[in-house]
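See below for the structure under consideration.
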Amino acid sequence: SNIYASSITIQGPDNGNTISVSGQGQSGVFAIDSGCVVEIGGLTITGANGQNAITNQGTLSISDCTISGNGGTGIQNNYGTLTVTDSSLSDNRWCGVGATYGSTTINDCTITGSTAHGIGISNGAYLKVSDSEIYGNTAGVGGDGGGILSYGTAVLNDCTITGNTAFRGAGVYTGTYG
């Protein structure tokens, strides 16, 4: 579903139940366009096959969500502003969070089980991660940065990064493009 509204909130129930939104193995689940302000909370987002479950080019806040079992990246931030809080990103094939350009902030999250490209977080811009766990991610053959691969600015506060595997930088790998 592409979101073109200038501002929208998508909130699951507050009664302990969750609503699952699926790409049904066919496509991505949400695409947020530039200029949109979107809040997503209390959902399970799954089933994107070979694509990003969520692609963001706007301003996106995600809280209390489970983003798992997607064939591409859990959340891909392209030129947008992304904040993820109190959420779990697990078993997404390419990476949990891809931050190509823009600003990404992650608070109180668990990112685990990325297996193909295998990066918990891939950063090419500005990334701040606080009070989060990044574990059990496996970068592909010859891949770098099992937990975090950063070619931009990365700020980490009170994080646990353990049990990731990679050719270089199983926990964190930083480098420059080119």
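Each reported figure results from applying straightforward, stated rules to the coordinates on display, with no laboratory input. The shown structure was predicted, so the numbers you read here are calculated from the model rather than taken from an experiment. Neighbour counts run over all protein chains shown; Cβ positions are idealised from the backbone, glycine included.
Observations on the model:
- Extension gain, Tyr101 back to Ser7 (0.36 nm per residue minus Cα-Cα distance, nm): 31.7 nm
- Dipole axis of the range 58-159 (+1 Lys, Arg; -1 Asp, Glu on Cβ), positive-most option in Gly96, Ser130, Asn107: Gly96
- Comparing Thr110, Thr162, Thr59 in a Gaussian network model of the chain (Cα springs below 10 Å), the most mobile by mean-square fluctuation is Thr162.
- Where the Cα pairs of the range 38-117 fall when distances are cut into 10 Å bins, in %: 23, 58, 19
- Distance from the Cα centroid of the range 37-101 to that of the range 12-27 is 13 Å (rounded to whole angstrom).
- A Gaussian network model of the chain, with springs between Cα atoms under 10 Å, assigns the largest mean-square fluctuation among Asp14, Asp64, Asp86 to Asp14.
- Here the range 1-91 yields Rg over Rh of 0.93, to two decimals, using C-alpha coordinates and the Kirkwood radius.
- Extents of the range 105-154, taken as max minus min of Cα coordinates on every principal axis and listed largest first, are 28, 21, 9 Å.
- Hydrodynamic radius by Kirkwood, which averages 1/r over all alpha carbon pairs of the range 82-177, in angstrom: 12.4
- Among Gly47, Gly163, Gly72: highest mean-square fluctuation, GNM of the chain, C-alpha pairs under 10 Å: Gly163
- From largest to smallest, the equivalent ellipsoid semi-axes obtained for the chain from the alpha-carbon gyration tensor read 24, 17, 15 Å.
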